[in-house]
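The values are calculated or read from the model by the stated rules, or taken from the named source; none is laboratory data. Everything numeric here is computed off the predicted structure, so don't read it as measured data. In this analysis, Cβ positions are derived from the backbone assuming ideal geometry, glycine residues included, and neighbour counts consider all displayed protein chains.
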Amino acid sequence: MKYIVANWKMHKTQKQSLAFVKQILPRIKTKRTIVLCPPYTDICPIAPLLKKTNIRLGAQDVFYETRGAFTGEISPLMLKELNVKYVLIGHSERRSILHENNRLINQKLRACLKHSLTPILCIGETGLQRRLGQASHVLRNQLLTALKGTHKLKNIIIAYEPLWAIGSHTPDTPENAEKTNEFIRSVLAKSSSAATAKKIPILYGGSVTPRNAPSFLKKAAIDGLLVGHESLLPGHFVKIANCAP
Ligand code: PEP
């Protein structure tokens, strides 16, 4: 079963999120797992609308402690109570703008697993790293440091998001993305087992549109899509979610 994950970033007020969900609900006709990651403030009002649908709730981040003096942070327990099932971890905007490092990402990922939230770990190389032939090294390092100390690789999703493709209208090709996902799976297989690695969904993200989504979803090694700006428009998002194959 493939995934379609919407990352709304810092877009949509509560009213706008509610209007969006009401528009898409009758139009989503897919068995795929759809995950909406709205801003924290929108989770509460839209959660009741998603009950008894195949749309799940995700958060865009989480803190690694459960409670305490951590001004501005949100804990895994707070998200769980709102019926959040998935959490984006290590999105490139948090790595670059908010200076999240691999250690913090590892702590957040482990906190998700501890509290039965499924982390969607985002990894990706910059354009320069790709041109210098460093992409595999960067991806391996991001992956292994984020997964350090996790015993069973279960309930984890990886999203391969090349940084140069995010918000750039220049997606990777489905062929390259497929090869990279195969490489990621081979790294996972070495750090666990081939059988375990096979079960971990590996998504692609970066300038996905209704037009290019089918060619990514056709690829066996691409288990779904993480969608940014095109997930903000109900019509476009519905097309991506419903598209064949
Ligand atoms: C993202 O931010 O995760 C993303 C994939 O963005 P976009 O689809 O806008 O490239």
I'd like the full set of residues that are in contact with a His (Cβ under 9 Å, 6 or more places away or on another chain), not polar (S, T, N, Q) and not in a helix (DSSP H, G or I), limited to the range 60-106.
61, 62, 100
When you check residue 240 against the structure, is it part of a loop (DSSP other than H, G, I, E, B) and within 16 Å of the ligand (Cβ to nearest atom), yes or no?
no
Just give me the residues in the range 147-175 being within 16 Å of the ligand (Cβ to nearest atom), assigned to a helix (DSSP H, G or I) and over 15 Å from residue 224 (Cα atoms), in sequence order.
163, 164, 165
If I filter the range 101-155 down to residues being buried (at least 17 other Cβ atoms within 10 Å of the Cβ) and of a type in the set (Gly, Ala, Ser), which single residue comes out as farthest from the chain's Cα centre (by Cα)?
135
List every residue pair whose Cβ atoms lie under 9 Å apart, where the two residues are 6 or more positions apart in sequence or sit on different chains, the first residue falls within the range 188-204 and is in a helix (DSSP H, G or I), and the second residue, located anywhere, is of a type in the set (Lys, Arg) and crowded, with 16+ Cβ neighbours inside 10 Å.
194/185; 197/185; 198/185
Within the range 189-216, count every residue that is more than 16 Å from the ligand (Cβ to nearest atom) and either touching a Cys at 6+ places or on another chain (Cβ under 9 Å) or at pLDDT 95 or above (or both).
1
Could you please find all residues in the range 115-134 being touching a helix residue (DSSP H, G or I) at 6+ places or on another chain (Cβ under 6 Å) and away from the ligand (no atom under 16 Å from the Cβ)?
115, 117, 129
